[in-house]
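Below you'll find the structure, written out as structure tokens, and then a few comments.
Just so you know, all these numbers are worked out from the coordinates, no wet-lab data involved. The structure displayed is predicted, hence computed values, not measured ones. Cβ atoms come from the backbone with ideal geometry, glycine included; neighbour counts cover every protein chain shown.
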Amino acid sequence: MATIAVLGTFDTKGEEHGYVAGLIRACGHRTLLVDVGALEAPRVQPDVPRTEIASAAGADLAAIVARRDRGEAVAAMTKGAPIVLARLQREGRIDGVISLGGGGGTAICTAAMRALPIGFPKLMVSTLASGNTAHYVGVKDIVMMPSVVDVAGLNRLSRKLLAQAAGAICGMVEAQVPAGAADRPVIVASQFGNTTPCVTRARSLLEAAGYEVMIFAATGNGGRTMESLIEAGIPAGVLDITTTEWADELVGGVLNAGPTRCEAAARHGVPAILTPGCLDMVNFGEPASVPAKYAGRRFYHHNAQVTLMRTTPEECAQLGRILAEKCNLSTGPVTVLLPLMGISVISAPGQPFYWPEADAVLFGEWKRHLRPGIPVIEYDGNINDPAFADLCVQELLKNIAAVAK
């Protein structure tokens, strides 16, 4: 029997949370009702009252209620809920969490869910789940389920959907992970469609060497998630083949991972290799989404929803300097590997983004600004050559062995 936290604004959505809690108990699990409402009296009796949430945030709940300031109330609960939920999880008092909400409730409760570890069951039923949920999910495994109708009373549709949500969270806490090689050390790797052959071969070699390989798509959120796992101390090494998110960060593409991408391994001394995988491209959506200022640039239409723009020599110079700065932060062993005949499938000779002068500037600036002591290996071939993948694995294993001594 598990204990599932039912988290929500019980002043406005108490009836709905009470209904879900009853369904969870009917499935044989316990519930812990956590109230993050503020301005009106709760409509269902909580196990963790709102005063405890406000206290964790250092907020004066009585003063907030007296001012009737909803924005202030949401801010206080958004600050306090993560503290309380994380503590409940650490103490082993909860095994999963479910919440129902509109705008305010979704902001508060997903903030709390983001404070919980990856793998801990989290389900958010929200009126906002059909749009861009990136800022609610962050780098955590929050399941966002559309409420379809507003979370405002029970009706024939909401009863059905909320019953399914209750069943979903019960299934999540009941799920058993099959026995596997969980004791193998972990390598995290970055991949794009244009570097898949390289990473696929490297993964097979690393698995044969006794490692478990976690691959992250370099789509912005993927890079942020990989960085968060490195921060958490999970991987033994980092195979950062695909640093393309920096091109989007610099030029204004849609798949940027923020200004701290490539810093986690460096700052925490995790053995790593870095390559300029897909720094030849900036990602946009459909052609109409490309900013007008880029008219006349070199483009490649990957599909109807993805338009790639070739980075210029000037942009490549900046990227080289940025990647050097990130490498220079390294407190552990790091090696830079440069494939001289193309940094993606489409920048190989004869391909649409082949521009050796731009690549040469990228490589030159990266090497020029790198501090002494960081090895640079130049490979006279394409990033997706099997020999380049072999070289990346060889250097990463060498760096891991250096730390293990």
> Out of curiosity, is Leu116 surrounded by 17 or more Cβ atoms within 10 Å (Cβ to Cβ), touching a Lys or Arg at 6+ places or on another chain (Cβ under 7 Å) and not small (Gly, Ala, Ser)?
Replying inline: yes
>> Would you confirm whether or not segment 191-199 contains a residue that is in contact with a His (Cβ under 9 Å, 6 or more places away or on another chain), surrounded by fewer than 18 Cβ atoms within 10 Å (Cβ to Cβ) and closer than 30 Å to Val345 by Cβ?
In response: yes
> Do we have any residue at all in segment 208-228 that's more than 20 Å from Ile142 (Cα to Cα), outside any loop (DSSP other than H, G, I, E, B) and in contact with a strand residue (DSSP E or B) (Cβ under 9 Å, 6 or more places away or on another chain)?
Replying inline: yes
> Do you know which residues across segment 9-34 are under 28 Å from the mean Cα position of the chain (by Cα) and at positive phi?
Replying inline: none
> Among the residues of segment 138-160, is there at least one that is surrounded by 15 or more Cβ atoms within 10 Å (Cβ to Cβ), small (Gly, Ala, Ser) and more than 21 Å from Ile4 (Cβ to Cβ)?
Replying inline: yes
> Which of the residues belonging to segment 264-297 are within 30 Å of Asp380 (Cβ to Cβ) and not hydrophobic (A, V, I, L, M, F, W, C)?
Replying inline: Pro271, Thr275, Pro276, Gly277, Asp280, Asn283, Arg297
> Which residues, counting only those in segment 137-180, are among the β-branched types (Val, Ile, Thr), farther than 18 Å from Cys109 by Cα and in a helix (DSSP H, G or I)?
Replying inline: Val173
> Which helices (runs of 4 or more DSSP H) sit wholly inside segment 8-127 and have at least 1 residues that are closer than 26 Å to Gly167 by Cβ and in contact with a strand residue (DSSP E or B) (Cβ under 9 Å, 6 or more places away or on another chain)?
Replying inline: 10-26, 70-90, 103-114
> Taking segment 261-294 on its own, how many of its residues are assigned to a loop (DSSP other than H, G, I, E, B) and surrounded by 15 or more Cβ atoms within 10 Å (Cβ to Cβ)?
Replying inline: 11
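Okay, residues lined up against (1) buried (at least 22 other Cβ atoms within 10 Å of the Cβ); (2) touching a strand residue (DSSP E or B) at 6+ places or on another chain (Cβ under 8 Å); (3) under 23 Å from Ala402 (Cα atoms):
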| position | (1), (2), (3) |
| --- | --- |
| Gln318 | no, no, no |
| Ala324 | no, no, yes |
| Gly332 | no, yes, yes |
| Pro339 | yes, yes, no |
| Ile346 | no, yes, no |
| Pro349 | no, no, no |
| Glu357 | no, no, no |
| Phe363 | no, yes, no |
